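Only one structure is covered here, and it is reproduced in the block below.
The values are calculated or read from the model by the stated rules, or taken from the named source; none is laboratory data. This is a predicted model, so every value here is computed, not measured. Note that we place each Cβ from the backbone using ideal geometry, even for glycine, and neighbour counts take in every protein chain shown.
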C-alpha cells in the first residue's frame with residue numbers, strides 16, 4: 001500500500017518521515033510524563049498514610065499511659081476508702097457489748113485490709129509497667145520525628161519531580177504540535193488511526209522486516225522503503241515504514257553456519273506464545289505458567305512490551321484452562337524466566353526479554369518456511385483446517 005507525494009525529495013529520509021519519527025518520540029515521552037505525573041499524587045498519599053500510621057501508634061502509646069494513670073488513681077481512691085472503713089470499724093470495736101459483735105467487726109477489718117493489699121499490688125504492677133509505657137511513648141515520639149523529617153523530604157522531592165515533569169510535558173507538547181503541523185494531513189490521519197490501536201504509528205524497516213510487528217516484507221516493498229521516494233505502509237500492521245541506513249548490517253565475508261533453533265519442551269511449566277491478533281490489541285506475546293495446580297496468563301504488547309490487562313489465574317494446567325488462547329495462529333516460542341523475575345519486571349517487558357522473544361519469533365518463522373495461515377499452523381503445531 002502506498003501514498004504518493006510530490007517529490008523532489010529523494011533524500012535518505014523523507015521530511016514527513018522525519019517529522020513522524022519526531023512525533024512518535026514526543027508521543028511516547030508525553031505518555032511517560034503523564035503517567036509519572038498521575039502516579040505522584042498516589043505516592044504522596046501513600047507517604048501520608050505511612051505518617052498517619054506512625055501518629056496512630058504514638059497516640060495509642062499515650063492513651064495506654066493515660067489509662068494506667070486513671071487506674072492508679074482509682075486504686076488509690078479505693079485504698080483511701082478502705083482505710084477509712086478500717087478506722088471506723090476499730091472505733092466501733094471499742095463500744096461493742098458482746099463477743100459476737102466484736103468478732104464481726106474484726107472480720108470486716110480483715111476483709112478491708114485484704115482489699116487494701118490487693119489494690120496496693122495492682123498499683124505496684126502499674127508502677128512497674130509505667131517505665132515500659134514511658135519508653136514506648138518516647139520511642140514512638142522519636143520515630144514520628146524522624147519519619148516526619150524523611151517524609152517532608154520525600155514530599156518536597158515529589159513536588160519538584162512534578163514541577164519538572166510538567167515543564168518537560170509543556171516542552172514535549174510544543175515539539176509534538178510542531179511535528180504534527182509539518183506532516184501531510186492524510187498521512188497524519190493514518191498515523192493517528194494506527195497509533196490509537198497499536199500504540200505506535202510508525203516503524204523502522206530493517207533486515208527485510210517491519211521491526212514493530214516483526215513480519216517479513218516482500219523484497220519489492222523493502223526496496224521501496226529504502227529508496228525513500230514515497231511513503232510505504234506495512235501490509236501486516238498498517239504502520240508507516242521508514243529505513244535508517246545507519247542500522248544496515250554489513251554482510252560477513254565468510255558464511256557462518258546457522259544454529260538449529262531450540263524447540264521448547266511440550267510439558268514445560270512455563271510457555272510463551274506469539275499471537276498475531278488478540279482481542280482488540282493486535283499482536284501480542286502471551287506467557288503461561290503452571291504452579292501448584294494453578295495456571296496464570298500474562299499478555300504483553302508485541303511492539304512495546306507493555307502488559308495488557310491483569311494477570312489471569314485459573315485452576316488446572318494452562319493447556320486445559322486457556323484453550324481460547326491456544327488457537328491455530330498461536331506460535332510457541334522459547335522463553336523461561338522465573339516467576340520472581342517476571343514479577344520484578346512489573347507492567348512492561350525489559351528490552352532484552354522483548355528482543356529475545358522477537359528473535360525467536362523470527363527464527364520460528366524462518367524455520368517454517370511458510371506464510372500466512374499455513375505459516376502459523378506450522379509453527380503452533382495445530383493441524384490445518386480441511
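For this structure, a couple of remarks:
- Filter result for residue 133 (closer than 14 Å to residue 37 by Cβ and either touching a strand residue (DSSP E or B) at 6+ places or on another chain (Cβ under 9 Å) or assigned to a helix (DSSP H, G or I) (or both)): no
- Taken together, 46, 70 contain a single residue that is modelled with pLDDT of 85 or more, surrounded by fewer than 12 Cβ atoms within 10 Å (Cβ to Cβ) and part of a helix (DSSP H, G or I), which is 70.
- Check on residue 62, farther than 28 Å from residue 127 by Cβ, in contact with a helix residue (DSSP H, G or I) (Cβ under 9 Å, 6 or more places away or on another chain), part of a helix (DSSP H, G or I) and in the same structural domain as residue 172 (by TED's automatic domain parsing): no
- Hits in region 161-211 (condition: closer than 30 Å to residue 43 by Cα and not in a helix (DSSP H, G or I)): 199, 200
- Among the residues of region 222-278, those that are assigned to a loop (DSSP other than H, G, I, E, B), modelled with pLDDT of 85 or more and under 19 Å from residue 207 (Cβ atoms) comprise 228, 234, 235, 236, 237, 239, 243, 244.
- Scanning region 146-168 for residues that are under 22 Å from the mean Cα position of the chain (by Cα), closer than 20 Å to residue 50 by Cα and surrounded by 13 or more Cβ atoms within 10 Å (Cβ to Cβ) gives 154, 155, 158.
- Annotation: of all residues in region 302-332 being touching a helix residue (DSSP H, G or I) at 6+ places or on another chain (Cβ under 8 Å) and either assigned by TED's automatic domain parsing to the domain that holds residue 204 or not in a loop (DSSP other than H, G, I, E, B) (or both), the one that is surrounded by the most Cβ atoms within 10 Å (Cβ to Cβ) is 331.
- Filtered residue count, region 61-80, keeping only those that are without any contact (Cβ under 8 Å) to a residue 24 or more places away in the chain and under 52 Å from the mean Cα position of the chain (by Cα): 5
- Residue selection: residue 342 fails the criterion of being crowded, with 16+ Cβ neighbours inside 10 Å and touching a helix residue (DSSP H, G or I) at 6+ places or on another chain (Cβ under 6 Å).
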